[in-house]
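Inspection log for the structure reproduced underneath, given as C-alpha cells.
FYI, it's all coordinate maths here, none of it is from the lab. Quick caveat: nothing in here was measured; it's all calculated off a predicted structure. Virtual Cβ from ideal backbone geometry, glycine too; neighbours counted across all protein chains shown.
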Amino acid sequence: MQVNQASFVLSALKPDDYPRDRRPEFAFVGRSNVGKSSLQNTLLRRKELARTSATPGKTQTINFFDINGTFYFVDLPGYGYAKVPKSMKDAWNKVMVAYLRGREPLRMVTALVDARHTPTAQDHHMLSILEEAEVPTLVVATKVDKLKRSQRARQLDHIRRDLDLGDDGLLIPFSSVTREGVQELWRVIEDLL
C-alpha cells in the first residue's frame with residue numbers, strides 16, 4: 001500500500017470521543033513493549049508517528065491515526081507488566097475491552113506477540129476476548145530479527161501450537177529492523193479494505 005498521508009488524530013478513553021466518520025479501523029494490541037508503536041511506524045514509514053519507548057506502558061489511551069484520509073490505525077494500551085498502579089491498568093483494560101467488543105468500524109485486530117518468548121496468559125486472555133467478540137484477528141510475531149536462525153522456525157512453530165492457530169491460522173513474522181512481514185501485513189489490511 002502506498003501511504004501518502006499519516007497523522008495523529010486524537011487520544012480517547014471514552015466512546016463519545018472516538019471518531020464518528022465510520023471509516024474502517026485496524027487496531028493493534030499486545031503486551032507492553034512488544035513493539036506495537038514500532039510496527040505501526042514501520043508500516044507507515046514514519047519514525048515517530050506512534051510514540052515508542054523503552055519504558056513499558058507508554059501508550060495510556062486509545063490513539064487514532066488517520067491513514068490516507070480513508071481508514072484509521074488504532075494503537076491500544078499495552079497490557080502486562082507496565083509499571084503503573086493496578087487501578088490504572090484496570091481502567092486501561094476496561095476501556096480497551098469495551099472498544100474491542102463494541103466498535104462497529106473495527107475491521108481487524110493485529111495481536112502482537114514477542115517471537116522470542118512463549119505467549120503469556122495475558123496474550124491468551126486477549127485472544128479469547130477477541131474470539132468472543134468475533135473480531136477478525138491476525139497474530140504477528142514481532143522482533144524476529146532477534147532470534148538466531150537455528151531458533152526461528154522452532155520458536156514460530158511453538159507460538160503457533162501454543163496459541164492453537166492450527167495449520168491454516170496466519171502467523172506473520174515481523175521485524176521493524178529488517179522490515180520482514182511488512183508486505184504480508186499490508187496485503188491482509190488491503191484485503192479487508
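Key figures for this structure:
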item: Semi-axis lengths (Å, descending) of the ellipsoid that matches the C-alpha gyration tensor of the range 6-192; result: 24, 19, 17
item: Calculated FRET efficiency for the pair Glu134/Arg46, C-beta based, R₀ 41 Å, to 0.05; result: 0.85
item: Potential lengthening between Asp162 and Gln183 on full extension [0.36 nm per residue; Cα-Cα distance subtracted]; result: 5.0 nm
item: Cβ crowding within 10 Å averaged over residues, with 9-22, 128-141 ranked highest first; result: 128-141, 9-22
item: Segment Val97-Arg154, length gained on full extension (0.36 nm per residue, minus Cα span); result: 17.3 nm
item: Pairs of Lys in the chain closer than 12 Å at Cα, counting only those 8 or more apart or on different chains; result: 4
item: Sum of -39500 (n - 2.57) over DSSP H runs of 4+, divided by residues of the chain (222 nm, nearest 500); result: -10500 deg cm²/dmol
item: At least 15 Å along the helix axis (C-alpha) and Kyte average at least -0.5, DSSP helices within the chain; result: 86-102, 121-132, 182-192
